[in-house]
C-alpha cells in the first residue's frame, strides 16, 4: 500500500503499509512551514509529489524517492495557491480569494 502524509513541517512519502517501515516515512522536504510557506494541497504522479505553499504562493515538486531536501519551485506568485492536480503532462492549480484563477503548467 502506498500512503502519503503531510506532517508538521514535513511532506513525506512512504511505500509501506501503516504497520511496515517501523512507521518511519521518507522525508521529502522539511521545514516547509517556516521556510517555504505552509504546504496546503498535495498531488502525486508516478515519479513526483507536488504541493502548494499557501503563504509564499508557490507550487513545488519533489521526486517520490526524495530530492535531497531541496524541492523545485515550479511557479510563484499565484494569489493564495489552493488545490492542485496532475496528469501525464501537466500540473494544475487553483487560487483562492477574489481572483479565483485556474492555472496549467506544461511540462510539469
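Just so it is clear, none of the values below were taken in a lab; they were calculated from the coordinates. What you see is a predicted model; the values in this text were computed from it and never measured. In this analysis, Cβ positions are derived from the backbone assuming ideal geometry, glycine residues included, and neighbour counts consider all displayed protein chains.
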Practice task
Highest first, please rank the peptides 52-59, 81-88 by the mean number of other Cβ atoms sitting within 10 Å of their residues.
Solution key: 52-59, 81-88
Handout entry: Rounded if a/c under 1.5, otherwise prolate or oblate - the stretch 51-108, Cα gyration tensor axes
Key = oblate
